[in-house]
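Right, one structure below, let's go through it.
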Amino acid sequence: MLGEGPGAAVISELPSFQQAFERLLARAPGPVFPRARALYLQKYPLEGEQEGDFRTFLLEEEIQESPAGALRVRARAMAIVAWGQSQVDAAAAVAYLERRWGLRPNDLQVVEGASWFRDGGAYARFATPAVFERVAPTTLLSSSADPGPPAVDPGSGG
């Protein structure tokens, strides 16, 4: 099962993984602050504040921004951290991902000789589809996309 190809098969339609991904990225510093963003994503798991043997983090992302300010973030790789442990039990990690998020990664790779941020524990990486999108913020300022001037000029008295 661990070597069947790239990606992760979604085995149930649990919305919790996508919702957690969106919640995490909605709170993360924007891409214009890469150092702060990286620290945030290394510190905060998708699970939030709950305790447990495993925690799921965004490891690599692809960011697309439009000139108008819309943002799309795609997960390129996720990390599952065996919290406080020196090794990852791959079978237990896969079981956790299935139980917690409804995911069955078929490309789980243990990262040898590395510990997660601030000695959080050994970790493995996997891919799964996840996308966060934020539309451009609205503005009260005029732009080139404005339909045109008002029908009556307020200063004309007419």
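Which residue out of Arg55, Arg104 is of a type outside the set (Ser, Thr, Tyr), closer than 16 Å to Phe21 by Cα and assigned to a strand (DSSP E or B)?
Exactly one of Arg55, Arg104 is of a type outside the set (Ser, Thr, Tyr), closer than 16 Å to Phe21 by Cα and assigned to a strand (DSSP E or B), namely Arg55.
Take the residues in the range 119-133 that are among the charged types (D, E, K, R) and touching a residue at least 12 places away in the same chain (Cβ under 8 Å), then tell me which one is farthest from Tyr44 (Cα to Cα).
Ranking the qualifying residues of the range 119-133, first place goes to Glu133.
Can you tell me which of (1) modelled with pLDDT of 95 or more; (2) among the aliphatic types (A, V, I, L, M); (3) over 17 Å from Tyr123 (Cα atoms); (4) surrounded by 15 or more Cβ atoms within 10 Å (Cβ to Cβ) is the one Leu71 doesn't meet?
(1)
Filter the range 74-96 down to residues that are buried (at least 21 other Cβ atoms within 10 Å of the Cβ) and without any contact (Cβ under 8 Å) to a residue 60 or more places away in the chain and give me whichever is nearest to the chain's Cα centre (by Cα).
Restricting to residues being buried (at least 21 other Cβ atoms within 10 Å of the Cβ) and without any contact (Cβ under 8 Å) to a residue 60 or more places away in the chain, the top hit is Met78.
Give me the pairs: first residue in the range 24-41 and more than 17 Å from Ala70 (Cα to Cα), second residue surrounded by 14 or more Cβ atoms within 10 Å (Cβ to Cβ) and at pLDDT 95 or above, beta-carbon distance under 6 Å, and six or more apart or on different chains, which are they?
Once the first residue is more than 17 Å from Ala70 (Cα to Cα) and sits in the range 24-41, its partners that are surrounded by 14 or more Cβ atoms within 10 Å (Cβ to Cβ) and at pLDDT 95 or above give Leu24/Leu46; Ala36/Pro29; Arg37/Ala28; Arg37/Pro29; Tyr40/Ala28; Tyr40/Pro29; Leu41/Leu58.
Could you please let me know if Tyr123 is modelled with pLDDT of 95 or more and farther than 20 Å from Gln19 by Cβ?
Spelling it out, Tyr123 is indeed modelled with pLDDT of 95 or more and farther than 20 Å from Gln19 by Cβ.
Name the residues in the range 25-42 that are in contact with a Gly (Cβ under 9 Å, 6 or more places away or on another chain) and either closer than 13 Å to Val73 by Cα or among the basic types (Lys, Arg) (or both), would you?
Arg37
Looking at (1) over 20 Å from the mean Cα position of the chain (by Cα); (2) modelled with pLDDT under 95, which is the one condition that is false for Ser66?
Only one criterion is unmet by Ser66, namely (1).
The values are calculated or read from the model by the stated rules, or taken from the named source; none is laboratory data. This is a predicted model, so every value here is computed, not measured. No Cβ is skipped: glycine too gets one built from the backbone with ideal geometry, and neighbour counts run over all protein chains shown.
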